[in-house]
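What follows is one structure encoded as structure tokens, with my remarks underneath.
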Amino acid sequence: MPRIGVFGAMASGKSTVSKWFREWGAALVEGDALGWSVLEEPEIVAGLRAEFGPRIVDASGGIDRARLGPVVFAEPAAMDRLNALVQPRLRARVRAALEEAPPGVVVLDAAMLTTWGLEPELDGVVEVRAAEERRLERLRASRGYAEAEALARILGQRLPPVRNAKRHWVLQNDGGSAELRRAAEEVWREIAALR
């Protein structure tokens, strides 16, 4: 059962590639969805509220991700405090989801993959890269961020490089969707052969 991580910075195209891999037969573990579920845990909500104050809490008492984002992306120390609270629980959930996945190729879509140091636990890592200008364009177009907010998010995301991976594929995503899909298909053929 090959387990493959798909990694890339915000707006690089990693989730698009991951969804294509699911379309082509992989089971998909979505790191973002697991992260959002961790933010709903009462203990995590209480810890984040204590750390960042009531400004990040919505009317129902839960974490408002739209308010939390600008706070933590604006200051590296704030992101470090968020990660210290959330990441241990999230890493445990990711590992459990990988273990519970059905037989066959399992793809982990997770920007934080290298932050967690999961590369040696996987059979390979697909890194999706894109130039900062392209990522800024995509964030503004797809998520409606103003240029300053998009840039703050890009600069606030500090991801370590891939280390100690058994296999490491790199997809450069500065062209169009068709070009990325063709490159992803080539990588998928190699991944499927690992079975």
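The values are calculated or read from the model by the stated rules, or taken from the named source; none is laboratory data. All values derive from a computational prediction rather than experimental measurement. All Cβ positions, glycine included, derive from the backbone under ideal geometry; neighbour counts span all protein chains shown. Each accessible area value is taken on the protein alone, full model and side chains, heavy atoms only, with ligands, DNA and RNA left out. Shrake-Rupley method; radii C 1.70, N 1.55, O 1.52, S 1.80 Å.
Here are the numbers for this structure:
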item: Degrees separating the helix 132-143 axis from the principal Cα axis of the chain, which is the longest one; result: 70 degrees
item: Highest to lowest packing among 72-78, 151-157, scored as the average C-beta count within 10 Å; result: 151-157, 72-78
item: Convex hull volume per residue in cubic angstrom - Cα atoms of the range 123-166; result: 79 Å³
item: Solvent exposure ordering (accessible area, 1.4 Å, most first) of 63, 56; result: 63, 56
item: Check: the chain dipole with +1 on Lys, Arg Cβ and -1 on Asp, Glu Cβ, in debye; result: 160 debye
item: Whole-Å semi-axes of the ellipsoid equivalent to the chain (Cα gyration tensor, √5λ, descending); result: 29, 21, 14
item: Exposure rank, largest accessible area first [127, 51, 190, 99; 1.4 Å]; result: 99, 190, 51, 127
item: Apportionment of accessible area to carbon and sulfur, the range 135-195, percent (1.4 Å); result: 47 percent
item: Theoretical FRET efficiency, 1/(1+(r/R0)^6), r = Cβ-Cβ of residue 186 and residue 148, R0 41 Å, to 0.05; result: 0.65
item: Helix axis angle, 147-156 relative to the chain longest principal axis, alpha carbon, degrees; result: 70 degrees
item: Per residue value of the accessible surface for the range 61-169 (all protein chains in place, 1.4 Å probe), Å²; result: 49 Å²
item: Distance-filtered residues of the range 51-70 - backbone nitrogen under 19 Å, label point 7 angstrom along residue 141 Cα→Cβ; result: none
item: Whole-angstrom gap from the range 159-188 to the range 1-69, using each part's C-alpha centre; result: 21 Å
item: Rounded percent of accessible protein surface that carbon and sulfur make up, the range 18-67, 1.4 Å probe; result: 49 percent
item: In degrees, nearest ten, helix 177-193 long axis to first principal axis of the chain (Cα); result: 70 degrees
item: Histogram of C-alpha separations across the range 1-82, 10 Å bin width, %; result: 15, 39, 26, 18, 1
item: Rg followed by Dmax, in Å, when the range 49-153 is reduced to its Cα trace; result: 16.5, 44
